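Trainee: Please find one structure pasted underneath; my questions will follow.
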Amino acid sequence: MEKKTAVYICTGCGIGDALDVGKLLEIATDDYSIPICKEHPFLCGPEGVEVIKKDIQEEGINTIIIAACSPRVNYDVFNFGADKIVERVNLREQVVWMQPPGEEDTQMLAEDNLRMGCSKANDTELPEPFKPEEEISKDILVVGGGLAGLTAALETAKAGYKAVLVEKEDRLGGFLTKMKKLVTMPYKELSDTGLEDLVKAVEDNPNIKVYTSSTVEKISGAPGLFSVEIKGNGNSATEKVGAIVQATGWVPYDANKLDHLGYGKFKDVVTNVEMEEMAAAGKITRPSDGKDVKNVLFVQCAGSRDPEHLPYCSSVCCLVSLKQAAYIKEQNPEAVNYILYKDMRTLGQAEDFYKKAQLDGNVFVRGSVANVGEEGGKLFVEADDELLGERIRIEDLDLVVLAVGMVPSTQPDEIPRIPAPEGAEGADEEGMIEVTPDSGFYATKALGLEYRQGPELPTLKYGFPDSHFICFPYETRRTGIYTAGCVRRPMETAKVIDDATGAAMKAIQCTEATSVGMAVHPRSGDMSYPEFNMQRCTQCKRCTEECPFGAINEDEKANPLPNPTRCRRCGVCMGACPERIISFKNYSVPMIGNMIKAIEVPEEDEEKPRIVALVCENDAYAALDMAGIRRMQISPYVRFIPVRCLGSVNLVWIADALSRGIDGILLMGCRYGDDYQCHFIKGSELANTRLTKVSETLDRLALESDRVKFVEVGITDYEKIPKIIEEFMETIEEVGPNPYKGW
Amino acid sequence: MKYFLYWGCSLEGSGANFLVSLKPVFETLGVEWEEIKDWNCCGASVSYAGANDLAIKVLNARNLAIAEANGGYDIVAPCSSCYIQMVKVNHEIQEDPELAAKVNSALAEGGLKYNGGVRVRHVLDVLYHDIGVDKIREKVVKPLGGLKVGGYVGCQSVRPYGEYDSVERPITHDRILEALGAEAVPFPKKMRCCGSGIFLPEMEYCFHLVKDILEDALTHGAQLISTVCPMCAMNLEVYQPRINKALGTDFDVPIVYLTQLMAVAFGGDLKHDAALHYNIIPPEKIIQSALG
Amino acid sequence: MASYDPSFAREVFENVDYGEEIKMCMQCGVCAASCPLSMRMDYSPRKIFVMIRAGKREEVLNSNAIMLCTSCYSCKVRCPRGIPVIDVMHGLANYAIRQGYTPRKKTAVFGQEFWKQIYRLGRIDEKDLSRRYFFADGFTQGIRNSLEMADMGITMFLHKRMKLLPERPIKGIKDLRKMLDKAAQMGKGGGGAI
C-alpha cells in the first residue's frame, strides 16, 4: 500500500519534562521526511485520539507512529483498524522512567528509539491473512471415547459444532465401564458413574459422528485443513476436520514389576484396577478361594513416588482406595480396612471424603511396607509405622490391594529407534538411534500425523505430551491439537470433565481463528505468516528441523513445504535461515537490520559506548517495562529492540551491529531446558546454540566473544535488570570500544 | 440488669477475696444479682476420676434447671472452672437432643427439667460487653496511676468456645485494666495453664508451669498479676515460697483479683471493699505507690 | 514385633466417654505441641491416639498421660478435626480407673475424693477435701503430709482464705444423689460411679 505516515509524540507521564520533544519532532521531519509530526500532552485521552483520527480522515494517514508509553499498554486505545499500520516507540517505561531527565544521554536514547521506530514503520507492510485454496473445516476430531473424549465431543456439539469421535474398543466409555461407583463433588458419598446417560447423550446427538472399534490411521494437513483416515470394522473412512482433541487416556502401571509387594506371588494381592473390576462385576471375594472378605489392606503409593518405578504421584489413588474401602464396608459393615499410606492426598473438598472414611472406622497407618507374606491361608503385612515409631505386623488379611498409578497411553513400552541422521552420535550397528522424549517419534501411535517431525505429540517428562504448562496448559507442541484427560496428567473424574470441556473450547477457538487467517496462540490475532523466497533456498533443512511446532514439511528434494495454519509465527525459521529467504510482512531480517543501522553510533573518543539488546517480547520486554515502572535506573547506552522470540534472531544482525561499531550485543530471553519458560518451547535454546557458532567467528575476526551475551530473564526477574545491564557494561568497558567504529 | 451470681465452692474459701471485692464492684456498677437457690458444686476439672461424663453433666444441669425455673436470668460465674463446666453442658445439650433427653431423664429423678434456656456468662464478659469499659472508666475515682499489671487470662476463661473474646489473643481483661488507669503489660504466657485442679497432687510438674508464667510476666515489666479465677490465683500465689525453694527462684509477686483492683479504683476501702489484706503476698505497697 | 489389633479401639469407641471422637484424628500432632504438660507425659496425646488404634491396651491404660491433663483446652481449640482431646483424655482416665488401673495414684485419689465430697455434700469443703487427700494412704502418712503442708494451711487461715465451719450438705442432697445415680447407670459402657 502507499504509505502516508505521521508521528505523534505524547508529552504526558513525564516525557515532556525529561526530553527535548522539539528536537525529536525535527528528526522525524528532517531525517525521515515524515509529513505530519505532532506532539500532544495526553495522547491516550479522548482528545489526543481525536487528533489522530482527524488526521486519518482528513489527511489520509495510514501509518501511525506513536512515541509514548510501552506497546504493552493502551493497545486498545491506539487501535485504528486492521488496515492501518501502528508502530509504537517506547519513550516512557524504557526511557524517561529509567533515565535522569534533561541529560544528553537520555535525549540520545530517545532519539535513537524514534529513529528505530520510523525505520521499522518504513519496512512494515500490512499482513494479508492466509486463505488456503481448500475450504476450512470447523469440525473437531476427538480421539478416544472415554470420559474425556465423550465430554469433549458432547461439549463441542453443545456449542454448535460437529464432532467426530473415534474409539478403539467396541463400546464407548473407556475406564468408566470398569468402575462400580465414582467419588466426585461434593465428596460426601459415593456417586453413580453416569456412564449410560453420557453414552446415550453422545450417541443420540446428531452433531456427533461415532466410530467404534476404529483407530486413526493417519492425519495429514494442518489446522482447519486436517484430513483424517479412520480404519475399523474392515472399513476405511476419511473425515475433514479443523482441530483435534487427543483423549486417549491411561493404562495402569504394570504391577508385575511390584513383586516385592507380593503381586504375582500371592493370588490375594491385587491392584486397585482389579479390585474395581471385581466390585463392578458383583461381589468382592478372595481371588484364591472365592471366600468372603473380612480384612483388607490397601497399600498406597504402590510403585508411585518411587524413583525405581513411577517417580510421580497419580493424584487419584488415595481417593480410589477410600472409595474401595467404602465398597468393602457396604458389603460387610464388620469388615476392617487398613490403609497404609505415605501421605493422604485428598485435595481440596475431597478432604470431606477422607473424613467420611475415618468416621466409617477405617484404620489409617502411616508407614512403608517392609514385607508381604502368607500364613495359614491369610496374608500378613509388616510395615514400619512412622507414627507409632515401630515395626508392626497386620495379620489375618483376606485381600491386599496395591494402589498403582497411571501411565499415559502415549508412553511407549520400549523407546523407539529411528534411522540416525548424518553425524549423529550413539547410533547402533544398524544405523538406528534412540529418540528423545521430546521427539515426535516417541509416543505410541494415536494420531499418525504426516508431519516431517514425527507422527505423534512430543512429550517432556514421564511420557505425558508436553505443553507450556505455566502459560498454556491445554496446548501441545502441535498447533490445533489439544490433549484432554489423563493422557496429559493423572486426574480424577471431576477434573477430567473440566479438562475435556476446556480442550473442546480451545479446539473450537483454533478453527475459528484459522478460518480468518489469525494465529491461534500465543500470538493470538496475528495475521502475518512466514513467506519463503524459494529461489534462493539451498535445502539446508535448518528451518524444517528447527521449527518447534513441526509446521514445515519437506518434499523428496528437501525443499521446505510450509503450512501456515500450523505456524505460531515465532520466526524461529527466520532466525535459522542462513540465506535469509524467510520473512513476514511485518517482521523481517532486513527490518531489524535497518533498525540497527538507524542507531547513531558516536565516535570512539566521545566515550559513549553503544549496546544493542535484542529482547524477547514475551517475558524480557515485560521485565524491562516493570523495571521502568519501578523507576529503576540503568545505563543510557543500551538500545532495546523487541523481537518475537530469541529464536528468530538471525545471526546477520549481530554481524550488522558489530560492523556498524556497536560495542556489544545482549540477547535477553526466556529460560530454556527441562523447566523451560520460552513461550515457543525451543526458541531461546536455539538462540543460545547459534551464539556458540558466532563466538567462533568473532574470535577469528579478532573481536572478543564477550561482546555477545545471552541472558535468561523471566518476567519476575525485573529486579535483576539493573545488575544485568551493569555487569554487561563492565564487560564491555573491559574489552574496550569496537575497533570498527567510524568505518 | 439482673443476674444469677454463681460463686461456686472456692469463692467462700480460698477465693474469698474475689467474692468480697466483687460485691461492692457490682454495686457501684448497678448490677443486681441473686443467688441460685440451693446450688451445688460444678464438679470443676478433676471429677472425671470419680464420675463418668454424664454424671458431671447432670450435676451442672441441676444448677441450670433451678436457674431456669426461677427467673431464667443469665448466670454469672466468677470462677473460670465453674463457668466452663456450665457453658460446656449448655452447648452440648443444645447441640445433641439425645444427650438432652438423657440428662433430663436423670434430672427427673429430682423433679427437675432443663430446656436449654439459660445463658452462662463470665465476669469479664459481663463487665466488658454488658457494662462496657466506658461506664467502668466513669466510675473510677482513684485511677491506678499506670500501675503495671500482668493481666493473666489463663485457660478456662476463654477456651475452648471463645464466646466473648478471642481464644488466641484475648483483650477484655487488658481493656478493663486500662479503663482503671493501669497499664496492661503484654506477656505471651498469659494464656498458659497454671496447673489448675491437679496442682496439689502434681505439684512438682506444676511448679514449672507457674515459674514460666511468673518469669514471663516479670520480664515484661509487670509489678503484679491480676487474675479472674480462684484456681489460678491460688496456684500462682500461695505456692511461691515452695517454688522458690524447689527451683531456686525468688518470686514475691502479689496476685490480685481484677475485682480487687476495681474496688480500689472505684474509691473503695482497701480492706473492707478490696479485701487486700486477704492476699498472702501483700499488694498494698505497690498499689498505694501507684495511686500516688 | 507388635501385632496391630483393632479390638482395643473398638473397646474405646464403645465404652469411653468421647472415645469415638478419635476416629477422626489425622495425627497432625498439634495437640501434643500445644499441651503444657506433654513433655512430662510418657506418651503425648497424639501418641495415645495412635496407640489406641494399634491396640496397645496396657500401655495406654497405664500411661500417666491420661492423668496429667490440666483441662486447659489448648488442644481442643486447635485440633483441625475438632476433637475434644481433653474430654477423651478424661474419659480414658475414668475408664482406666474403673478397669482397675491406677496410673498416677495420687491424682486419681484426689479426683475420687473430690467426687465423693460432691456426692456426700453437694459442695466442696476445701479443708475437708485436703484432709481426706492427705490421709488417703493411712494415718501415719496423713500426719506427715499434713505437717508438710501445715504452713500453707495456717497462712490461708490467717488470711481469711479458709472457711472455719464445716460445709453442710445442700438441701436437695437426696434428690441430687438420685440424679447422679441415674446418670451413672445410663453412662457409656454401663458407667457406674466409682
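Trainee: Being among the small types (G, A, S), within 25 Å of B:G195 (Cα to Cα), free of Cβ contacts under 8 Å to residues at least 24 places away in the same chain and more than 9 Å from every other protein chain (Cβ to nearest Cβ): is that true of C:S63 here? Steps first, answer last, please.
Mentor: Numbers: among the small types (G, A, S): yes; within 25 Å of B:G195 (Cα to Cα): yes; free of Cβ contacts under 8 Å to residues at least 24 places away in the same chain: no; more than 9 Å from every other protein chain (Cβ to nearest Cβ): yes.
The answer is no for C:S63.
Trainee: Oh, and also: Condition first: at the interface with chain B (Cβ under 8 Å from one of its Cβ atoms), closer than 13 Å to C:P45 by Cα, within 11 Å of the chain's Cα centre (by Cα) and not small (G, A, S). Now tell me which residues in the range C:71-111 satisfy that.
Mentor: Within the range C:71-111, C:D87, C:H90 meet the criteria.
Trainee: Mind checking which residues of the range C:28-47 are assigned to a helix (DSSP H, G or I), within 21 Å of A:M344 (Cα to Cα) and facing another protein chain (nearest Cβ under 10 Å)?
Mentor: C:R46, C:K47
Trainee: If you don't mind, another one. Specify which of the listed residues (A:M116, A:M108) is out of contact with any helix residue (DSSP H, G or I) (no Cβ under 7 Å at 6 or more places or on another chain) and assigned to a helix (DSSP H, G or I). Reasoning before the result, please.
Mentor: On the way: A:M116 fails: out of contact with any helix residue (DSSP H, G or I) (no Cβ under 7 Å at 6 or more places or on another chain).
Testing whether each residue is out of contact with any helix residue (DSSP H, G or I) (no Cβ under 7 Å at 6 or more places or on another chain) and assigned to a helix (DSSP H, G or I) leaves just A:M108.
Trainee: Are there helices (runs of 4 or more DSSP H) fully within the range B:199-292 with at least 1 residues that are under 19 Å from the mean Cα position of the chain (by Cα) and in contact (Cβ under 8 Å) with a residue 12 or more places away in the chain? List them.
Mentor: Details: elements: B:203-219, B:230-237, B:240-247, B:258-265, B:284-291.
Hits in the range B:199-292: B:203-219, B:230-237, B:258-265.
Trainee: In the range A:353-390, what residues are of a type in the set (K, R) and touching a residue at least 12 places away in the same chain (Cβ under 8 Å)?
Mentor: We begin by selecting, within the range A:353-390, every residue of a type in the set (K, R); these are A:355-356, A:366, A:378.
Hits for the range A:353-390 are A:K356, A:R366, A:K378.
Trainee: Give the number of residues within the range A:655-700 that are on the phi > 0 side of the Ramachandran plot and without any contact (Cβ under 8 Å) to a residue 60 or more places away in the chain. Please lay out each step first, then the result.
Mentor: To start, the set of residues in the range A:655-700 that are on the phi > 0 side of the Ramachandran plot comprises A:661, A:673, A:681.
Then drop every residue that is not without any contact (Cβ under 8 Å) to a residue 60 or more places away in the chain, which leaves A:673.
Final tally of qualifying residues: 1.
Table: residues versus (1) acidic (D, E); (2) surrounded by 21 or more Cβ atoms within 10 Å (Cβ to Cβ); (3) more than 14 Å from chain C (Cβ to nearest Cβ).
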| site | (1), (2), (3) |
| --- | --- |
| B:I255 | no, yes, no |
| B:T259 | no, yes, yes |
| B:P283 | no, yes, no |
| B:G292 | no, no, yes |
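Trainee: Given the residues A:V336, A:V407, which is the only one that is more than 14 Å from every other protein chain (Cβ to nearest Cβ) and either within 30 Å of A:T285 (Cβ to Cβ) or buried (at least 20 other Cβ atoms within 10 Å of the Cβ) (or both)? Break it down stepwise before answering.
Mentor: Values: A:V336 fails: more than 14 Å from every other protein chain (Cβ to nearest Cβ).
None of the other options fit; the residue is A:V407.
Trainee: Let me ask something else about it. For residues in the range A:339-362 being outside any loop (DSSP other than H, G, I, E, B) and within 20 Å of C:M51 (Cβ to Cβ), which is nearest to the other protein chains (Cβ to nearest Cβ)?
Mentor: Restricting attention to the range A:339-362, the residues satisfying the condition of being outside any loop (DSSP other than H, G, I, E, B) are A:339-341, A:348-359.
Add one more test, that the residue is within 20 Å of C:M51 (Cβ to Cβ), and what stays is A:339-341, A:358.
Working: A:I339: 12, A:L340: 10, A:Y341: 11, A:Q358: 5 Å.
My answer is A:Q358.
Trainee: Further question on the same structure: Taking the range A:68-86, which residues are surrounded by fewer than 22 Cβ atoms within 10 Å (Cβ to Cβ) and touching a Lys or Arg at 6+ places or on another chain (Cβ under 6 Å)?
Mentor: A:P71
Trainee: May I pose another question? Of all residues in the range A:183-218, count the ones that are touching a helix residue (DSSP H, G or I) at 6+ places or on another chain (Cβ under 8 Å), crowded, with 18+ Cβ neighbours inside 10 Å, touching a residue at least 40 places away in the same chain (Cβ under 8 Å) and not in a loop (DSSP other than H, G, I, E, B).
Mentor: 5
Trainee: Mind listing whichever residues of the range C:105-140 are among the basic types (K, R) and over 21 Å from C:M156 (Cα atoms)? Please lay out each step first, then the result.
Mentor: Here is the first cut: in the range C:105-140, the ones among the basic types (K, R) are C:105-106, C:116, C:120, C:123, C:127, C:131-132.
If the condition is that a residue be among the basic types (K, R) and over 21 Å from C:M156 (Cα atoms), then C:K105, C:K106, C:K116, C:R120 are the ones that fit.
Trainee: Taking only the range B:261-276 into account, find how many residues are in contact with an Asp or Glu (Cβ under 8 Å, 6 or more places away or on another chain) and within 14 Å of another protein chain (Cβ to nearest Cβ).
Mentor: 1
Trainee: Sticking with this structure for a sec: Given the criteria within 14 Å of chain C (Cβ to nearest Cβ) and part of a loop (DSSP other than H, G, I, E, B), does A:L387 qualify? Lay out the reasoning, then the answer.
Mentor: Details: within 14 Å of chain C (Cβ to nearest Cβ): yes; part of a loop (DSSP other than H, G, I, E, B): yes.
Considered against the rule, which asks whether it is within 14 Å of chain C (Cβ to nearest Cβ) and part of a loop (DSSP other than H, G, I, E, B), A:L387 comes out as yes.
Trainee: Pick from the range A:461-495 the residues that are small (G, A, S), touching a Pro at 6+ places or on another chain (Cβ under 9 Å) and touching a residue at least 24 places away in the same chain (Cβ under 8 Å): which of them is surrounded by the most Cβ atoms within 10 Å (Cβ to Cβ)?
Mentor: Applying the first criterion (small (G, A, S)) to the range A:461-495 yields A:463, A:467, A:480, A:484-485, A:494.
Applying the additional criterion that residues be touching a Pro at 6+ places or on another chain (Cβ under 9 Å) yields A:463, A:467, A:480.
Next, only the ones that are touching a residue at least 24 places away in the same chain (Cβ under 8 Å) stay: A:463, A:480.
Values: A:G463: 18, A:G480: 28.
Filtering first and then ranking leaves A:G480.
Trainee: Scan the range A:425-439 for residues that are more than 22 Å from A:C543 (Cα to Cα) and in a loop (DSSP other than H, G, I, E, B) and report the count.
Mentor: Residues that pass the stated criteria total 6.
Trainee: Select, from C:F110, C:F114, the only residue that is under 24 Å from B:E204 (Cβ atoms), assigned by TED's automatic domain parsing to the domain that holds C:D128 and in contact with a Pro (Cβ under 6 Å, 6 or more places away or on another chain).
Mentor: Working: C:F114 fails: in contact with a Pro (Cβ under 6 Å, 6 or more places away or on another chain).
Result of the check over C:F110, C:F114: C:F110.
Trainee: While we're looking at this one, here's another question. Quick test for you: out of A:V365, A:V401, pick the one residue that is more than 11 Å from chain C (Cβ to nearest Cβ) and assigned to a strand (DSSP E or B). Explain how you work it out, then say what you get.
Mentor: Numbers: A:V365 fails: more than 11 Å from chain C (Cβ to nearest Cβ).
Result: A:V401 is the single residue among A:V365, A:V401 that is more than 11 Å from chain C (Cβ to nearest Cβ) and assigned to a strand (DSSP E or B).
Trainee: Go through B:K113, B:K57, B:K37, B:K23 for me and flag whichever is surrounded by fewer than 22 Cβ atoms within 10 Å (Cβ to Cβ) and either in contact with a Pro (Cβ under 6 Å, 6 or more places away or on another chain) or at the interface with another protein chain (Cβ under 9 Å from one of its Cβ atoms) (or both). Quick ask: steps written out before the conclusion?
Mentor: Working: B:K113 fails: either in contact with a Pro (Cβ under 6 Å, 6 or more places away or on another chain) or at the interface with another protein chain (Cβ under 9 Å from one of its Cβ atoms) (or both); B:K57 fails: surrounded by fewer than 22 Cβ atoms within 10 Å (Cβ to Cβ); B:K23 fails: either in contact with a Pro (Cβ under 6 Å, 6 or more places away or on another chain) or at the interface with another protein chain (Cβ under 9 Å from one of its Cβ atoms) (or both).
Of B:K113, B:K57, B:K37, B:K23, the one residue that is surrounded by fewer than 22 Cβ atoms within 10 Å (Cβ to Cβ) and either in contact with a Pro (Cβ under 6 Å, 6 or more places away or on another chain) or at the interface with another protein chain (Cβ under 9 Å from one of its Cβ atoms) (or both) is B:K37.
Trainee: What are the residues in the range B:60-88 that are of a type in the set (V, I, T) and either away from every other protein chain (no Cβ under 12 Å) or surrounded by fewer than 24 Cβ atoms within 10 Å (Cβ to Cβ) (or both), if any?
Mentor: Our first condition is that a residue be of a type in the set (V, I, T); within the range B:60-88, this holds for B:66, B:75-76, B:84, B:87.
Once the filter is applied, which keeps residues that are of a type in the set (V, I, T) and either away from every other protein chain (no Cβ under 12 Å) or surrounded by fewer than 24 Cβ atoms within 10 Å (Cβ to Cβ) (or both), the range B:60-88 yields B:I66, B:I75, B:V76, B:V87.
Conditions (1) part of a loop (DSSP other than H, G, I, E, B); (2) within 30 Å of A:T716 (Cα to Cα), marked per residue:
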position	(1), (2)
A:D413	yes, no
A:G423	yes, no
A:F441	yes, no
A:G463	yes, yes
A:R478	yes, yes
A:R489	yes, yes
A:D499	no, yes
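Trainee: A:L319 versus (1) modelled with pLDDT under 95; (2) buried (at least 23 other Cβ atoms within 10 Å of the Cβ): which is the lone unmet condition?
Mentor: (1)
This table checks each residue for (1) modelled with pLDDT under 95; (2) more than 20 Å from the chain's Cα centre (by Cα); (3) assigned by TED's automatic domain parsing to the domain that holds B:G13; (4) not small (G, A, S).
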{"site": "B:K37", "(1), (2), (3), (4)": "yes, yes, yes, yes"}
{"site": "B:V46", "(1), (2), (3), (4)": "yes, no, yes, yes"}
{"site": "B:N52", "(1), (2), (3), (4)": "yes, yes, yes, yes"}
{"site": "B:A55", "(1), (2), (3), (4)": "yes, yes, yes, no"}
{"site": "B:S81", "(1), (2), (3), (4)": "yes, no, yes, no"}
{"site": "B:I93", "(1), (2), (3), (4)": "yes, yes, yes, yes"}
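Trainee: Here is a further query. Going residue by residue through the range B:90-105, is there one that turns out to be among the basic types (K, R) and either closer than 25 Å to C:Q117 by Cβ or assigned to a strand (DSSP E or B) (or both)? Outline the logic, then answer.
Mentor: Residues of the range B:90-105 among the basic types (K, R): B:102.
Pick out the ones that are also either closer than 25 Å to C:Q117 by Cβ or assigned to a strand (DSSP E or B) (or both) and you get B:102.
Yes, because at least one residue in the range B:90-105 is among the basic types (K, R) and either closer than 25 Å to C:Q117 by Cβ or assigned to a strand (DSSP E or B) (or both).
Trainee: Name the residues in the range A:46-66 that are surrounded by 14 or more Cβ atoms within 10 Å (Cβ to Cβ) and not in a helix (DSSP H, G or I), would you?
Mentor: A:I61, A:N62, A:T63, A:I64, A:I65, A:I66
Trainee: Which of the residues spanning the range A:13-45 are part of a loop (DSSP other than H, G, I, E, B) and in contact with a strand residue (DSSP E or B) (Cβ under 8 Å, 6 or more places away or on another chain)? So that I can check it myself, show each step before the final result.
Mentor: Step one: filter the range A:13-45 for residues part of a loop (DSSP other than H, G, I, E, B), giving A:13-14, A:19-20, A:33-35, A:41-45.
The answer is A:C13, A:I34, A:P35, A:P41, A:F42, A:L43, A:C44.
The values are calculated or read from the model by the stated rules, or taken from the named source; none is laboratory data. These figures come from a predicted structure and were not determined experimentally. All Cβ positions, glycine included, derive from the backbone under ideal geometry; neighbour counts span all protein chains shown.
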